[in-house]
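Engineer: Okay, handing you the structure first.
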Amino acid sequence: MTTPFSKPDASMPAVIEANLSLPEHAAAVLAMLDAYSADPMADGHPLSAEAQANLIAGLRAHPTTLVFIAFRDGEPVGIATCFRGFSTFAAKPLINVHDFYVVPSLRGCGIGRALLAAVERKARETGCCKLTLEVLEDNTPARRLYESCGFSQAQYSEAAGKAFFLWKPLPGK
């Protein structure tokens, strides 16, 4: 399958924007997100049965979902699950990379870089002012990849310092 994000070199991954109404794309997304969830740099556990049962429908229903899948030799090998947002200060859209995963045996082979390039192309095509993501402090390989692709810790003004990502889990949700 040829897409705008396909690479002519067979050793490089083909990165496509997923169509979650296609069963093969939905299956690839579910497989990649289950593997990512089990990764020590994520939740450390596979997706729950409830999450597996509801994930694709939830992503399809969410109006800002964008998912990119990397395939190599016909098999899914990486994913970038993204959501469109909006920058009030720039008055322009943005894309947040919410989940980012490459199968461990293929890390360092250009798959992550190809996924990020596809996300950036989409952001530029849709007039976005920035890409955002979060990464764990101790995930040095991912941080190196992101930094080599131009990401840095957010700082809007020197006087205000750098941004931190905070969360507040809601019990029972």
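The values are calculated or read from the model by the stated rules, or taken from the named source; none is laboratory data. This structure is a prediction, so every number in the text was calculated from the model and none was measured. Counting neighbours? That spans all protein chains shown, and the Cβs are built from the backbone with ideal geometry, glycine included.
Engineer: Cβ contacts < 7 Å: first residue more than 21 Å from Ser48 (Cα to Cα) and free of Cβ contacts under 8 Å to residues at least 60 places away in the same chain, restricted to the range 158-173; second residue among the hydrophobic types (A, V, I, L, M, F, W, C) and in a loop (DSSP other than H, G, I, E, B), any location; separation 6+ or different chain. Result?
Structural biologist: Taking only residues 6 or more apart or on different chains, the pairs are Lys162/Ala154; Ala163/Ala154.
Engineer: Follow-up question, since we're still on this one. Return the pair list, or none, for Cβ contacts closer than 7 Å from residues in the range 119-144 that are part of a loop (DSSP other than H, G, I, E, B) to residues that are aromatic (Phe, Trp, Tyr), at least 6 apart or on different chains.
Structural biologist: That search, which allows pairs on different chains as well, returns Glu134/Phe165; Val135/Tyr146.
Engineer: Separate question: Consider Ser105 carefully, then state whether it is out of contact with any Pro (no Cβ under 7 Å at 6 or more places or on another chain), farther than 20 Å from Lys130 by Cβ, touching a residue at least 12 places away in the same chain (Cβ under 8 Å) and surrounded by fewer than 15 Cβ atoms within 10 Å (Cβ to Cβ). Let's see the steps before the verdict.
Structural biologist: Numbers: out of contact with any Pro (no Cβ under 7 Å at 6 or more places or on another chain): yes; farther than 20 Å from Lys130 by Cβ: yes; touching a residue at least 12 places away in the same chain (Cβ under 8 Å): no; surrounded by fewer than 15 Cβ atoms within 10 Å (Cβ to Cβ): yes.
No; evaluated as a whole, the condition is false for this residue.
Engineer: List, please: which pairs have Cβ atoms under 8 Å, are six or more places apart or on different chains, and start with a residue in the range 8-25 that is of a type outside the set (S, T, N, Q) and buried (at least 20 other Cβ atoms within 10 Å of the Cβ) and end with one that is modelled with pLDDT under 75 and not in a loop (DSSP other than H, G, I, E, B)?
Structural biologist: Cβ pairs passing all conditions: none.
Engineer: Additional query: Please tell me if Phe83 is surrounded by fewer than 20 Cβ atoms within 10 Å (Cβ to Cβ), out of contact with any Gly (no Cβ under 6 Å at 6 or more places or on another chain) and at pLDDT below 95. Steps first, answer last, please.
Structural biologist: Values: surrounded by fewer than 20 Cβ atoms within 10 Å (Cβ to Cβ): yes; out of contact with any Gly (no Cβ under 6 Å at 6 or more places or on another chain): yes; at pLDDT below 95: no.
Taking the combined requirement at face value, the residue does not satisfy it.
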